[in-house]
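The values are calculated or read from the model by the stated rules, or taken from the named source; none is laboratory data. Every value quoted in this text rests on a predicted model; they were computed, and no experiment measured them. Virtual Cβ from ideal backbone geometry, glycine too; neighbours counted across all protein chains shown. Remember, those area values only see protein heavy atoms, side chains included, never the ligands or the DNA or RNA. Shrake-Rupley method; radii C 1.70, N 1.55, O 1.52, S 1.80 Å.
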Amino acid sequence: QIVTPNRPVTDPRSLISPINPNARPVPLDDLAVSRGIRDAVFSADGRRIFISTNLTGRFNIWRIDASGSWPVQLTQSDDVQEGLAVSPDGATLYFMQDKGGDEIHDLLAVPTSGGEPRNLTKTDNIDEQSPVVSPNGRSIAFVSKREEDPYSDIALLDVASGAVRQLTHESEEGVRWGVVAWNEAGRSLIAIRESAKTMDSSVWKIDVASGRAVAVAQKQGVQFSAAGASADGRIVAASTNEGSGQTRAALLDATTGKWRWLKRTPWEQTATDVTPDGTTMIVRTNEDGRSSLSAVDMASGAERPLPLPPGRNGTIGAKAFSPDSRHMLATHAGADTPTELYVVDLQTDAEPRKITHLAMASVDATSLPKSEVVTFRSFDGTLVSAIVTMPANLKRDGNNPAVVLPHGGPTGQAQDGFNRNAAALASRGYVTIAPNFRGSTGYGSAFQNANRMDLGGGDLKDVVAAKRFLVDSGYVDPNRVGITGESYGGFMALMAIGRTPEEFAAAVQSYGINDWFALWKGSEPFLQQYQKGLLGDPVNNADVYKASSPLTYLNRAKAPLLSLQGANDPRVPRNQAEIVASRLQSQGNVVETIFYPDEGHGFTKREHQTDALKRTIEWFDRYLKPIKNSASPVIAR
Ligand SMILES: CSCC[C@H](NC=O)C(=O)N[C@@H](Cc1ccccc1)C(=O)O
């Protein structure tokens, strides 16, 4: 049994389908057309906000007045544009862009008044990401990774000449650097160095002139991160999992090494941002998938909760603040509330101002199903939490269909925000459950590491325990439960139909892993290190790779499978889905595979998002819902 934050176990019979005369299936086109946000920043004078959003079906950059206005489109492209950063003189907006989801980004610049974007890097085999502009506007710090390297570095771009200087010189496989903030009026940078293999991370201060890097917080087996520093660079807004294994935020005195902790909580607490004046640290507390924000005075340590409604709350972008440090951009979402952008006043308790209206009018809290966080004991007694989205107007008669939604990563977490699949399914009568199986983040390092060398073992048993929790509620028919997920969630769906063929009656997997060894051979070197961290060395641990691969169990699969796959996916390439399809076809199983052109790891183009959502719902309707006028399900089991 793995120790996680103590919380009460939920009685499955306490789940209740509410009576709601307004409840109706949310139109799938309306759900798919409801826009998302990838990034947002204030302009240099604080009067405007730049947002990367897909109003047109493509993630381009739009400009609005900070007081609220009709959005003006600044850039257009079929490719995703994000990583926004504004020059201090307010004239230029920097951003990053890849090609068809290939994850090899360039840095670009566009005049904030509009005009032709200029490609600043133009490198086909170097990924340049996450620009952060120096206080004098002359340099841009960014993360740079050559395609063939198993590590990434920080580099500086001289804005006037376009010359690039490498600031760090990493040599350890699987290590990547990240820029946190410019410090000491531009003389130094605060940076993070993290290992994809061990997940250790450390905080560094880098002298910009000499490139000399000094560790501010570093220890083997420990994660340290930082969000920024006070104006004099002395107090660092930091987080660490040292000791308990659970992440805690603190104010770290970089000169004495002394940590000043916030009030204790068993839940994951992370320093996410520091205001430009260096006085206030923003902290996000993630209580079992529900996150809240607070502002902490960096001199006194006094903490003040920010008045966002319960749900999934966070800051957005590398620079979430107005230049006067008074206002902050935050996102809020809930099961019945699609993600929107808010301006929070850090000096008053005024209600945050919603400045986007991204959702269609029909995607609205009066008709959308609600969620609740539940906890159950898994096979070995370990506490596992999950987000249940419950349809309205169900009878507790054990006849309803359900779908389990495992998340990606595996180092990730299902959170109590807006989930398109959950909203579409639950508004059509499916009970959904998104379990935080072992391997998830948010419950401490012992839980996070508990599926290493055992992918699709104990974590799959947690997923099956989530299904049984729903069945024990009395609402769900155990023979009408499906499973769907993306990436690692797709892997879970494949593993589930192969290893536990009696449990799931239909599956939809999106860009999931089928064969870890084949994936490792074709992966770029940095991802190879992440995989080594999860499964060990592929040659010495060939048996672990085999035992953890769905391919090993597909001969036992019975459930009809729909696979959705980006044709350009650089993380889980299309041949993973092709091999699943040919194996299942040769066995006579029902299998259908759809490839989306110009898409990488995740579908970003509206027509593909719409198609994927519609096919997913149709698949489950076909295989999990009873034939009209008949009591038996469509598939013979
Ligand atoms: C430090 S690299 C992290 C990779 C990332 N994991 C996040 O938790 C990721 O891309 N995971 C994929 C699954 C995957 C795992 C290993 C190799 C390729 C893909 C995901 O999105 O679930």
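Once a ≥ b ≥ c are taken as the square roots of the eigenvalues of the Cα gyration tensor of segment 505-604, is the result rounded (a/c under 1.5), prolate (a/b larger than b/c) or oblate (a/b not larger than b/c)? Judged from the Cα gyration tensor, segment 505-604 comes out oblate (a/c at least 1.5, b/c at or above a/b).
Taking the average, over residues, of other Cβ atoms within 10 Å as the packing measure, peptides 212-220, 194-202 rank 194-202, 212-220 from highest down. What you get for segment 502-544, charging only the Cβ of Lys and Arg (+1) and of Asp and Glu (-1), is a dipole of about 220 debye around the Cα centre. Heavy-atom accessible area for Tyr342, with the other protein chains in place and a 1.4 Å probe, reaches approximately 30 Å².
So what's the projected area for the chain, the Cα convex hull averaged over all directions, in nm²? Each step should come with its number before you reach the end.
Numbers: hull surface 105.9 nm².
Average of the hull's projected areas for the chain equals 26.5 nm².
Return the loop-located trypsin sites (Lys or Arg not before Pro) in segment 230-291 (DSSP other than H, G, I, E, B) with at most 11 other Cβ atoms within 10 Å of their own Cβ; answer none if there are none.
Sparse-neighbourhood loop trypsin sites (Lys or Arg not before Pro): Lys258, Lys263, Arg264.
With a cut-off of 12 Å between beta carbons, the residues surrounding Ala85 carry a summed charge of -1, where Lys and Arg count +1 and Asp and Glu -1. Label separation (Asp65 vs Asn6): 5.4 nm, computed from points 7 Å beyond Cα along the C-beta direction. Inter-part distance, segment 88-105 to segment 479-511, computed on C-alpha centroids, equals 36 Å. With 0.36 nm allotted per residue and the present C-alpha distance subtracted, the Thr366-Asp543 stretch has 58.6 nm of extension available.
Which one of Gly221, Ala209, Ser43 is farthest out on the positive end of the charge dipole of the chain, using unit charges on Cβ (Lys, Arg +1; Asp, Glu -1) and the Cα centre as origin? Projecting each Cα onto the dipole axis, the largest value belongs to Gly221. How much area per residue is accessible in the chain when the probe is 1.4 Å and only protein heavy atoms are counted (Å²)? Spelled out: the 1.4 Å probe surface of the chain, per residue, equals 39 Å². Mean residue ellipticity at 222 nm, helices only, the chain: -4500 deg cm²/dmol; runs of at least 4 DSSP H residues each add -39,500 (n - 2.57), and the sum is divided by the number of residues. To put it simply, the accessible area of segment 516-637 at a 1.4 Å probe is 52 percent carbon and sulfur.
The distance between label points at Asp277 and Arg264 comes to 3.4 nm (points 7 Å beyond Cα on the Cα→Cβ vector). Using a 7 Å offset from Cα along Cα-Cβ at Thr255, what residues in segment 194-214 end up with backbone N under 16 Å from the label point? What the label zone holds, given the 16 Å backbone N cut-off, is no residue at all.
How many percent of DSSP beta bridges within the chain run antiparallel, rounded to 5? Bridges in the chain are about 85 percent antiparallel.
Amide H to amide H, with H built 1.01 Å from N, Leu55 comes under 5 Å of Asn60, counting only residues 5 or more places away or on other chains. Under the convention that each Lys and Arg Cβ holds +1 and each Asp and Glu Cβ holds -1, the size of the dipole of the chain around its Cα centre is about 1440 debye.
Taking all protein chains as shown and a probe of 1.4 angstrom, Ser487 keeps an accessible surface of around 20 Å². Which shape class applies to segment 111-190: rounded if a/c is under 1.5, otherwise prolate when a/b exceeds b/c and oblate if not, where a ≥ b ≥ c are the square roots of the Cα gyration tensor eigenvalues? Oblate shape, in that a/c is at least 1.5 and b/c is the bigger or equal ratio. Take the alpha carbon atoms of segment 521-537, find their center, do the same for segment 161-207, and report the distance between the two centers in whole angstrom. Cα centroid to Cα centroid, the span is 22 Å. Distance between the 7 Å Cα→Cβ label points at Asp29 and Asp598: 2.2 nm.
Placing +1 on the Cβ of every Lys and Arg and -1 on the Cβ of every Asp and Glu, with no other charges, gives segment 520-637 a dipole of roughly 480 debye about its Cα centre.
Of the accessible area of segment 234-384, computed with a 1.4 Å probe over protein heavy atoms only, carbon and sulfur atoms account for 51 percent. FRET efficiency for the pair Phe379 and Glu242, taken as 1/(1 + (r/R0)^6) with r the Cβ-Cβ distance and R0 = 35 Å, rounds to 0.70. Can you grab the distance from the C-alpha centre of segment 577-609 to the C-alpha centre of segment 1-75, Å, no decimals? That distance is 27 Å.
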